[in-house]
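Below is one structure, written out as structure tokens, with a few remarks after it.
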Amino acid sequence: MLRRIGAFLFGDSARAFGTLAAVLLVCLAITPAKDHFREWHRYQKKYLGLIRTRGDAATLQRRFQDGLQQTWIPELGVVDRCTTCHVAMKEISLQDVATQPFRPHPSIPHTLTEFGCAMCHRGQGAATGVQEAHSSTLAWEQPVLAARYVESGCGQCHSNALTGTPQLNLGRKMLARYGCVSCHAIREPGQGRMQSTNPAPPLTRISAKTSREWIFAWLKDPQAYAQTATMPNFQLSDDDARDISAFLMNQSAAPPAAASPAPAAAADPQAGASVYGESFCASCHATVNAAGLVVGGNIGPELTRIGSKVKPDWLMEWLSSPKKYDPHTLMPRYRFEQKQLDLLAGFLQAKTDSDLLAKVQLQPASAGQIAHGKILVKERGCASCHEINGVAKPESFAPDLTMIGSQSLAKIVFAEGVAHTLPDYLQAKIRNPHSFGKATKMPQYTFPASQVDALVTALLAQTERAQALPASLRVAGKRESDYHPAGKAGQLIADMNCFSCHAINGRGGDMAPELTWEGSSVQRKWLVSFLKNPNTLRPALIRRMPRFNVTNAEAETLADYIMTVYQTPSFDGGELDAAKFGPDEVEHGRQLFYSKYACQSCHIVDSKSDKGYIGPTLTHVGARLSAEWIVQWLKNPQSLRPGTIEPNRNMSDEDARALTAYLMKQNREVAGK
Amino acid sequence: MTDEKKFVTGLDSDSRRTPLRLAFVTRRTSPQVKVTDDPVVMTYPEGILRAVVAVQSLAIALVVISLIWDAPLEELADPMHTPNPAKAPWYFLGLQELLHYFPPVVAGVIIPGLVVAALIVIPYFNINIEAEGIWLKNRQRRLRIFGAVVVIFSAVMLLFQVYAVLMPTLTIAAFMLAAARSAPDSPVRFRRWLVSKPVAYWVMTWFLVQASVLTIIGTFFRGPGWSWIWPWRS
Amino acid sequence: MAKTLEGYISELQGTRVWRSVFRGGAGANNLRRSLAVQQNVFLHLASVKISRRSLSFRATWFLGTLSLGTFLILAITGILLMLYYHPSVPQAYADMKDLQFVVSAGVFLRNLHRWSAHAMVFLVFAHMFKVFYRGAYRSPREFNWVIGVVLLILTLLLSYTGYLLPWDQLAFWAITVGANLMSSVPVLGQKFRFLMLGGNTVNANALLRFYVLHCVILPLTAAVFLAIHFWRIRKDGGLYTGQGDSK
């Protein structure tokens, strides 16, 4: 039988020709069949099945386009075919569908076709197969980015802080805050190198400040001294820490002769604590309280064990005039009286930890150790952050991270056990640099997982594509201006380091209200008295403006300057006279305040009945703010202070005027009583 | 030698077709005798069909292979990033393997140049026309020459530590020695076969084995930095 | 059934149209068969009659025929691939992706071209060794052997130039390795390399140069040499039938 079939098919050349021709045709016909059974066909069929039973099936079907779909943006080099399978990207009515690829895209500020998909999500946009599109293949290195890093996509264009990208913003802040940018150059597209926002203290006079033993203990483990310490652990051996401490003491300029006497030995701890509290030191400095919690700000260093660190003479000098030791410090000069100084210094000096230096036994340093210490300081890049005598700040000490987010995996050496993807590499590198070999110079940080994620997100935004994007797409970030107020007031502002907390004309911190238009906002009389004795405006806040013991003349100078210079261009402050408001208007304003706009839910006018603690107290607002400012503020708060949480109620002119009339009254009544 | 005529005699047993005759064949002429009893067929359709059937079979095989295995495609070319190892197409891997042992001028120029030249001149050298077993004439003298060539060549290879060339050479040499020690009328068929092979056959076989071994090593047994790897161990 | 089919075919072959296309027509007699070969521009490279022994599988393993077969497959798939290909950087690579992801049967075309190219190099080498071992290079076929060597080199060049065209890492570095080999030629090496690449490194110029070589110059040259190769088979007395062996 077989033989007969064989003879029929291949009996002679002609039969063999015919048979093989048929076989060849069949084989060739498999190719279009293979095309027909590609994955995306299946998904599109599945989608049609899914929507058939839904209420809006007709609409969905009409909007569905079959066949290959693509977003093609030649100028950006985008060819994304993701929507071939992810067919329901724009169908908000499918919000409840849990199975991919049919879930709609969450709402974003861009249209989905503006930049394509792979720009943010990575993966191989051109691919039409599940494996090729999402995974790392021989022909495509970048797999789809895990959703938790997706904010990095925004960061490619946006150098500014967006409200929708908290993780990216945090990561960028940390890059600048924790010294990353001091060793690594990170350039944002269209902008210069990212600058450190928390410069490390200079070490040029370190021997005046602290002991060699403390330096040793600190070098060995900064977090043992202060758990919030910014400095990472360099994992130095005892010998290396010994030599570095020897060198640092050796390079330090000789301490000046004791300028002020040591504080009274038996300072009253209670009184010292109250000076600490009144001065609102905790706004910037943290301490660990009895419950073991870190309480306080993170602008200055943690003070839990400050007594074990600083020398008494230095502390007195620092408290009375910080800029003498460090001209770039953010710490204001408080103008303490001698008694306050003694109490505060005594209070701080008592914050010791006997365990910290107990085990540190250092022999006097030899010349060899000092020399070796200098070599180590150069090797470890200490001078990238700290100013050190005799060691220049190294240029590009660590690899440039400007385009780390698109780094080719082939150029990366992975440590054992690290998955071969870029985010995993960055995670591992930040979490445990030494897993990449003992020679790694990068120090050990102690960030919680969420902060590492934030850092990785910020680094992933540093792509080659971001650098190459057309300038029209870039959104520049806010850069600190180098605004310097002039004259006597300028000197005062510098002396009290107002910029540490207040921002003016694009320079300064964000802890306290911005003062750029303060002169349009407040009344001069109030300002003078506030500067002399700041009272609280917001009872709910712990951080308040401290008292700087300014003299009358200084307060007048500052107030004059502020009233004259810090004026808004949007209105003229002198137009409205509070005295002209009639009683009808005041009463109408009162009704608006309590009924129509329900301002009492956030603000207090009558301290007996009102319970609003979110906004500032308004009991004395009539003495504090100018009437014109209140009108403008009520009509459009965001135009005067972008980002304020005061809601914009689209008030009519009449309502705003009436409310202002009522609020301006919140002065006389008090004053009258 | 010059005035002495060389005679080559042949005998055709088919007396009906070929009358008994004596033929003079001098040097540098074709020694072939046109045979007339070779049956012929029409090129069309028989020859053409066979060729077409052969090509069809090949096409089917290639189509099936193409349906099953995808051609390799790697990442976009990046001049800044050299893969390790960077390999040439497979048919040049033998040369690349040689490049590992010898200076570029030798491995990249002299050897391939010699190979191409040797291939071109093959039909013009009598040594290639000779169809007699290598050891059937001047055996002692040829053995001496052969021994000297093999020893010198092996010594050079040893000097450069080119075991990938040395081993196949010695293997072929062993077979040649086996052929030299075999009689044309040996009862063992393999020995009779060995002894019948002319020198050209041996040289070409040596070249073929050599090229194959080097290509296979370069393709499968070379890893990062052109270091030796075992393909089944990665 | 079969007979009626044959009847239909001969009827078709008798029509005016058929005869105008195939001058000799085809028929059952040897004259017609001879004419079919003689009157065809491609087939006339072969003789009308062919030795039965040379047709057996043993004689040639059909290696030469198969090499020609791969050449034809490569020509067809190559022309189709040219429809989708731009020899520019980095569009060339994007075209590979398009072939893979959107072009109907694009992957298949590329696979077939790639595997056939490997097969052709292998078959040409095998053909050469087979011819050598059979002694088919001997007089009067010496020159056809030389042509064969030229075709072998052309095959290698075709494969080598084609290797660069996908413009992926594999292509780029294989060509770089090869080009560096060339620069080791004494005196003229660097010049050769510059001429071949159109520059000092493998770049867009090299891609364009290789594209033109691969798609125009080398295939045409190979076709000419192929024609000579086949013509010489006929002129040198047909395929070698191996009677020399019996001596």
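Here, each number is a calculation from the coordinates, and none is a lab measurement. Nothing here was measured: the structure is a model prediction, and the numbers come from that model. Cβ sites come from the backbone with ideal geometry, for glycine too, and all protein chains shown count toward neighbours.
Here are a few things to note about the model shown:
- Chain C: relative contact order in percent, alpha carbon pairs under 8 Å with at least 6 residues between: 20
- Spin-label model distance (nm) - A:Phe8 vs A:Asp424, 7 Å beyond Cα toward Cβ: 5.7
- Shown for the protein assembly as shown is the translational diffusion coefficient from the Stokes-Einstein equation, using the Kirkwood radius over Cα pairs, a temperature of 20 °C and a viscosity of 1.002 mPa s: 55 µm²/s.
- Seen from A:Ala398, the other residues with C-beta closer than 12 Å to its C-beta sum to a net charge of +1, counting Lys and Arg as +1 and Asp and Glu as -1.
- Length gained when the stretch A:Ala291-A:Ala57 is fully extended (0.36 nm per residue, less Cα-Cα span): 78.2 nm
- Size-normalised alpha-carbon gyration radius of chain A, reference 2.2 N^0.38 Å: 1.29
- Relative contact order %, region C:25-164, counting alpha carbon pairs below 8 Å whose residues are six or more apart: 20
- Efficiency of FRET from Cβ geometry, A:Ser93 and A:Asn505, R₀ 51 Å, rounded to 0.05: 0.55
- Spatial separation of Cα centroids for region A:234-251 and region A:81-123, in angstrom: 55
- Rg/Rg_ref, region A:39-144, where Rg_ref = 2.2 N^0.38 Å and atoms are Cα: 1.08
- Per principal axis, descending, Cα span of region A:578-672 in whole Å: 36, 28, 24
- Taking 7 Å steps out from each Cα toward its Cβ at C:Leu220 and A:Gln100 produces label points 5.2 nm apart.
- Two-site FRET efficiency, A:Ala486 against A:His110, from Cβ-Cβ distance with R₀ of 51 Å, rounded to 0.05: 0.70
- Geometric extent, Cα atoms of region A:206-373 - Rg, Dmax (angstrom): 16.4, 49
- Counting charges near A:Gln95 (Lys, Arg +1; Asp, Glu -1) among other residues having Cβ under 15 Å from its Cβ returns a value of 0.
- Sequence-distant residues sharing a close amide H with C:Asp168 (under 5 Å, placed H): B:Ala77
- Legend: ranking of residues C:Leu152, B:Leu73 from fewest to most surrounding C-beta atoms inside 10 Å; resulting order C:Leu152, B:Leu73.
- Convex hull volume of the C-alpha atoms in chain C, normalised per residue: 182 Å³.
- Extension gain (nm, one decimal) between A:Asp560 and A:Lys525, 0.36 nm per residue minus Cα-Cα: 11.6 nm
- Neighbouring Cβ atoms from other chains, within 10 Å of the Cβ of residues in B:80-93, number 6 on average.
- Once both labels are positioned 7 Å from their Cα atoms along Cα-to-Cβ, the gap between A:Arg335 and C:Leu31 label points is 13.1 nm.
- Extents of region A:487-565, largest first, come to 33, 26, 24 Å (Cα atoms, principal axes, whole angstrom).
- Once the Cα-Cα distance is subtracted from the 0.36 nm per residue extended length, the A:Asp355 to A:Ala273 segment shows a gain of 27.2 nm.
- Stokes-Einstein diffusion of region B:108-234 at 20 °C, 1.002 mPa s viscosity, Kirkwood radius from Cα pairs, rounded to a whole number: 129 µm²/s.
- With contacts taken as Cα pairs under 8 Å and at least 6 residues apart, chain A reaches a relative contact order of 11 percent.
- Working note: Karplus 6.51/-1.76/1.60 with θ = phi - 60° gives region C:136-145 the couplings 6, 7, 5, 3, x, 9, 4, 5, 5, 4 Hz, where Gly and Pro are set to x.
- Taking a point 7 Å out from the Cα of A:Ala449 in the direction of its Cβ, the residues of region A:142-179 whose backbone N falls within less than 15 Å of it are A:147-149.
- Euclidean distance between Cα centres, region A:143-220 to region A:640-657, Å: 37
- Calculated P(r) tail over 20 Å for region C:41-107, as whole % of Cα pairs: 53
- For region A:493-498, 3J(HN,Hα) per residue [Karplus equation, 6.51 cos²θ - 1.76 cosθ + 1.60, θ = phi - 60°, Hz, x = Gly/Pro]: 4, 5, 5, 8, 6, 3
- Rounded Å value of the spacing that divides the Cα centres of region A:283-302 and region A:605-630: 31
- For C:Arg234, neighbours were defined as the other residues whose beta-carbon sits under 14 Å from its Cβ, and their charges (Lys and Arg +1, Asp and Glu -1) total +3.
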